[in-house]
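See structure below.
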Amino acid sequence: NKHRQMNWLYNGKEFTDISQFPKDTIGFLYEVEDENGKKYIGKKALYHNKKRKLSKKDLLKFEGKVGRKPTHERLTKESDWKTYYGYHREIKELIKEGKIQFTRTILKFAFTKKQLTYLEAQLLFKLEVLENTTDYYNDNILAKFYRKDFTVISA
C-alpha cells in the first residue's frame, strides 16, 4: 500500500510553501522519523544555484561595453525541499517501496550555508548518531567521520 506523502512540520504547523519560512532563510535542519522511531538528521538548502551559458542573443546586451564579457549567468531556483526525505540510501529505498510512513520535522532554520553545515554537525555529534545505531540511520558526519570507523571504540 502506498503511503501519502507527509508535509514538513515545524512546531506542529505544516510547511507547504517557501513563503512560510522566516525572511532570509537559506535552508533548514531536519529530522525524518520512521514509524518505528528510527531517525535521520540532515540539512536541506531551500535554493540551488545554477550556472547557465549565455546565448549569442544574451551576449548582444554587452555590445559596445568596455571590459570582459560574461560567458555565464547565475540562476537561483527553489530546491526539491517539498518532496525531500533525506540523502540516506536506506531511507530512499524504504520510501520507494512505500511500506513505511515517515514524518518530516524542521528543527532549525539557517541563514547562511556555513551556519547550516555547522548546526547539522553540532547536532549529529551531540546526539552521538554514529554510536547510536538503533535510533539513527545517520552513518557519517560531514562525510569525514564514519560509523564504520568507530565501531571498535568502547568506554
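Things to note:
- C-alpha long axis of helix 113-126 to longest principal axis of the chain, angle in °: 10
- Solvent-accessible surface of the chain, averaged per residue with a 1.4 angstrom probe and all protein chains in place: 70 square angstrom.
- Farthest towards the positive end of the charge dipole of segment 100-155, among the residues 116, 136, 103, is the Cα of 116, using unit charges on the Cβ of Lys, Arg, Asp and Glu.
- Over 30 Å between alpha carbons, listed pairs 77/108; 23/56; 44/65; 51/113; 38/108: 23/56; 44/65
- Once exposed loop trypsin sites (Lys or Arg not before Pro) are cut out (DSSP; at most 15 other Cβ, 10 Å), longest piece of the chain: 100-143
- Theoretical ellipticity at 222 nm over the chain - DSSP helices of four or more residues, -39500 (n - 2.57) apiece, nearest 500: -5000 deg cm²/dmol
- Gap separating the Cα centres of segment 1-60 and segment 78-155, nearest whole Å: 15
- Simple Cβ-charge dipole of segment 1-82, Lys/Arg +1 and Asp/Glu -1, about Cα centre, in debye nearest 20: 800
- Only the Cβ atoms of Lys and Arg (+1) and of Asp and Glu (-1) were treated as charged; on that basis the dipole of the chain about its Cα centre amounts to roughly 1260 debye.
- Average Cα contact separation per residue, the chain, under 8 Å, 6 or more apart, as relative contact order %: 32
- Projecting the Cα atoms of 29, 87, 70 onto the charge dipole of segment 11-90 (Cβ charges, centred on the Cα centre) puts 70 farthest toward the positive pole.
The values are calculated or read from the model by the stated rules, or taken from the named source; none is laboratory data. The shown structure was predicted, so the numbers you read here are calculated from the model rather than taken from an experiment. With ideal geometry, Cβ positions are generated from the backbone for all residues, glycine too; neighbour counts draw on all protein chains shown. Calculation scope for accessible area: heavy atoms of the full protein, side chains included, ligands and nucleic acids excluded. Shrake-Rupley method; radii C 1.70, N 1.55, O 1.52, S 1.80 Å.
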